[in-house]
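Chemist: After the structure tokens below, expect a handful of questions from me.
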Amino acid sequence: MNLINKKIIRDAIYIIIIAAFLGMLINIFHPKGYSIVTKTYQKSKKIIFINLDEAKIKFDSCKSLFIDSRSDGEFKDIHIKGAINIPSYPFEAAEKKIKNNFELLKSNVELVLYCSGSHCGSSFDLAVKIIEAGYKRNIYIIDEGIPGWINTGYPTER
Amino acid sequence: MRTIMKRIKNLLINISYGNRITTVIRIMTGFLLLFSGLFKAADIETFGRTIAQYKILPETVLVYPAMIIPFLELIIGSLLMIGYKIKAASFVSIVLMLMFTVFILINVIRGEKFNCGCFELGRLGIGINETIGMHLVVRDLVFIILYWIVFNAKKHCFSLENYIETKKLKEIGPSAN
């Protein structure tokens, strides 16, 4: 006797699909539900934007490593005093440079990244790459970027 | 003695075919699923933490059973109670129960002690010990047998399926004459 036939299996699958759909839908509005976030979003929770004053405090503490994520040419033109250059693009070159300098990056210093301004995005991309490489602590990004730093008259070098 | 044995045999045959006892089993097990599903659905996060205690699924996928199982229990519990798609609902119940039993058994072997979060009977004021142990494995096996009885039955009194079938037969009746 065939106890489990195709109809039962089909109905069981429908029940599971409806339950999955209902569960995920209600979860969105549920006060005690789960929030499904992308991995990039999870990583971005470790990336903190700071203003120029906060960046200056970190600069003066001498416990921070400043990283310029702009191109090699822009870095040579002007950069924050003591900063190192890891251009975000191309990604392959950035990944290689992060790998080569990873011992320095994960040493007992805070990482402060910057690029050409608050919307340049390259420092955020670089921060994501550093986290992907295995960096566990928070990474700071100067919101106003290098133009803000220069305008305030904070130390730079060429 | 022979008469008693014969009566017991007849009773079991009747339950297996589907009588009022089968109906009581179906409604009661359905209610239990509906009840536990309701409490799990009310607090998905806590249920997720309960599943995490079993240490069987990786943390990254825990969110999915935590979201789906409460609503699965709600649906199959409701279906069993009203008596619609009984075979499919009881089949899913058996699979679900088998899964829970294996999970509990693994943790019994590991020597773990925590609340299984099974039926949330404590919320009904029923003081049943739901700490992981062999008694829960036995209890779940009893439930599997009960769901199997419902699954195996051919007739379901006081069910929507029965009502629809009777209605269909009544409609066919006059035209057949």
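All of the numbers you see were taken from the coordinates with simple rules; none came from a lab. Owing to the predicted nature of the structure, the values given are computational and were not obtained by experimental measurement. Here Cβ is always computed from backbone atoms with ideal geometry, including for glycine, and neighbour counts include all displayed protein chains.
Chemist: Within 10 Å of each Cβ in peptide A:11-21, how many partner chain Cβ atoms are there on average? Round it to a whole number, please.
Modeler: Counting other chains' Cβ atoms within 10 Å and averaging over A:11-21 gives 6.
Chemist: Treating only the Cβ atoms of Lys and Arg (+1) and Asp and Glu (-1) as charged, compute the dipole magnitude of the protein assembly as shown about its Cα centre; round to the nearest 20 debye.
Modeler: Value, rounded to 20: 2180 debye.
Chemist: OK, next. Between A:K99 and A:I150, what FRET efficiency comes out of the Förster formula 1/(1 + (r/R0)^6) with R0 = 41 Å and r the beta carbon distance, rounded to 0.05?
Modeler: The value I calculate is 0.85.
Chemist: Still on this structure: What relative contact order, as a whole-number percentage, does region A:83-158 give when Cα pairs under 8 Å and 6 or more residues apart are counted?
Modeler: RCO, region A:83-158: 33 percent.
Chemist: Let me ask another. Mind putting together the pair-distance distribution for the protein assembly as shown? All Cα pairs, 10 Å bins, whole percent per bin, short to long.
Modeler: Pair shares across the bins are 5, 19, 19, 13, 12, 12, 9, 6, 3, 1, 0.
Chemist: I need to check one value: relative contact order of chain B, counting alpha carbon pairs closer than 8 Å and at least 6 residues apart, in percent.
Modeler: 31 percent
Chemist: Per 10 Å bin from zero, what fraction in whole % of the C-alpha pairs of chain A is there, up to the bin with the longest pair?
Modeler: It works out to 10, 32, 22, 10, 11, 8, 5, 2, 0, in whole percents.
Chemist: Follow-up question, since we're still on this one. So, by mean Cβ neighbours within 10 angstrom, what's the order for B:72-78, A:108-114, B:9-15, B:59-65 with the highest one leading?
Modeler: Ranked from most to least packed, the peptides come out as B:72-78, A:108-114, B:59-65, B:9-15.
Chemist: Once phi is turned into ³J(HN,Hα) by the Karplus curve 6.51 cos²θ - 1.76 cosθ + 1.60 with θ = phi - 60°, what whole-Hz value does each residue of region B:90-107 show in order, with x for glycine and proline?
Modeler: For region B:90-107, the Karplus curve yields 6, 5, 5, 4, 4, 4, 4, 5, 4, 4, 4, 4, 4, 4, 5, 4, 4, 6 Hz.
Chemist: By per-residue mean of other Cβ atoms within 10 Å, what is the highest-first order of B:32-38, B:98-104?
Modeler: B:32-38, B:98-104
Chemist: How many angstrom lie between the Cα centre of region B:71-105 and the Cα centre of region B:1-59?
Modeler: Distance between centres, Cα-based: 8 Å.
Chemist: With the contact rule set at Cα under 8 Å and sequence spacing of 6 or more, what percent relative contact order holds for region A:16-114?
Modeler: In percent, rounded to a whole number, it is 25.
Chemist: Using the reciprocal of the averaged 1/r over all distinct C-alpha pairs, how large is the Kirkwood radius of region B:23-177 in Å?
Modeler: Averaging 1/r across every pair of different Cα atoms and inverting gives 16.8 Å.
Chemist: Can you give the mean number of other chain Cβ atoms that lie within 10 Å of the Cβ atoms in peptide B:81-88?
Modeler: 3
Chemist: On to the next question. Place a +1 charge on the Cβ of each Lys and Arg in region A:5-100 and a -1 charge on the Cβ of each Asp and Glu, then give the dipole magnitude about the Cα centre in debye, rounded to the nearest 20.
Modeler: Result for region A:5-100 is approximately 580 debye, rounded to the nearest 20.
Chemist: Taking amide hydrogens as modeled 1.01 Å from N in the peptide plane, which residues meet the under 5 Å criterion relative to A:L111, leaving out close sequence neighbours?
Modeler: Hits under the 5 Å cutoff: A:L65, A:Y140.
Chemist: Arranged by the count of other C-beta atoms within 10 angstrom, fewest first, what order do A:I130, A:I78 take?
Modeler: Ascending Cβ contact count within 10 Å gives the list A:I78, A:I130.
Chemist: Just to confirm my numbers, what's the Cα centroid distance between region A:70-87 and region B:134-156 in Å?
Modeler: Centre-to-centre (Cα) distance: 71 Å.
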